[in-house]
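What follows is a set of notes on a single structure, which appears directly below.
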Amino acid sequence: MEKGLIFNIQKFSIHDGPGIRTTVFFKGCPLKCKWCSNPESQLHKLQILYDFEKCVHCKKCLLNCPKQAITEKENHMIFNHDKCIGCLQCVNHCPTKALSHEGYFKEIQEIVDVCMQDIDFYEESNGGVTISGGEGMAQPEFLEELVLSLKEKNLHVAIETTGYI
């Protein structure tokens, strides 16, 4: 089964469609709008996040990156997102948790299972699931499979889209 790149799954959303909803935020968007509500969702790949305050400059991240996507400049770690393959070796070897990441690869069933946890809320409020982003339409095959799986569970599905695909 194909995996999709998800930024977040937010339960009990009340502004993303009718009723109480679970919003599934896809990662990746072809636009880079300055007014984007979720700018951290724009890049269509796992993103390494760096917290300078937590960093002890041990350089374990730099030493464990198989693609040399990390360099050090003036006591700061610099991440080349073009070289990064999202293996998370740098994050896994960071002893102080100065590194984290944005984005997760999820299977359809994992997402459906999370959404189904709130079936009682959907039924009482005429709610359901909203696909948001980033831009869900930027992962069309995964989106189609997810929507069909949610519809098999008789869930109302809405999609927030830029329409730019």
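The values are calculated or read from the model by the stated rules, or taken from the named source; none is laboratory data. Please read these numbers as outputs of a predicted model, since none were measured by experiment. All Cβ positions, glycine included, derive from the backbone under ideal geometry; neighbour counts span all protein chains shown. These area figures cover heavy atoms from the full protein model, side chains too; ligands, DNA and RNA do not enter into them. Shrake-Rupley method; radii C 1.70, N 1.55, O 1.52, S 1.80 Å.
Tabulated results
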{"item": "Any hit, segment 92-114, residues being touching a Ser or Thr at 6+ places or on another chain (Cβ under 7 Å), charged (D, E, K, R) and open to solvent by less than 50 Å² (accessible area, probe 1.4 Å)", "result": "no"}
{"item": "Close pairs (9 angstrom Cβ cut-off, 6 or more residues apart or separate chains): more than 21 Å from residue 90 (Cβ to Cβ) and of a type outside the set (S, T, N, Q) in segment 34-58, open to solvent by 60 Å² or more (accessible area, probe 1.4 Å) and modelled with pLDDT of 85 or more anywhere", "result": "39/32"}
{"item": "Entirely in segment 1-81, the strands (runs of 3 or more DSSP E) that have 2 or more residues that are touching a Lys or Arg at 6+ places or on another chain (Cβ under 6 Å) and buried (at least 18 other Cβ atoms within 10 Å of the Cβ)", "result": "3-13"}
{"item": "Near pairs, Cβ below 9 angstrom, 6+ apart or cross-chain, from segment 72-90 (aromatic (Phe, Trp, Tyr)) to any residue that is open to solvent by 70 Å² or more (accessible area, probe 1.4 Å)", "result": "79/71"}
{"item": "Enumeration of residues in segment 115-132 that are among the β-branched types (Val, Ile, Thr) and either surrounded by fewer than 15 Cβ atoms within 10 Å (Cβ to Cβ) or farther than 25 Å from residue 37 by Cβ (or both)", "result": "119"}
{"item": "Residue within segment 44-52 that is of a type in the set (Lys, Arg), at pLDDT 90 or above and within 19 Å of the chain's Cα centre (by Cα) present", "result": "no"}
{"item": "Residues located in segment 82-91, provided they are of a type outside the set (A, V, I, L, M, F, W, C) and open to solvent by 50 Å² or more (accessible area, probe 1.4 Å)", "result": "82, 83, 89"}
{"item": "Set 144, 135: member being buried (at least 16 other Cβ atoms within 10 Å of the Cβ), under 24 Å from residue 43 (Cα atoms) and of a type outside the set (S, T, N, Q)", "result": "135"}
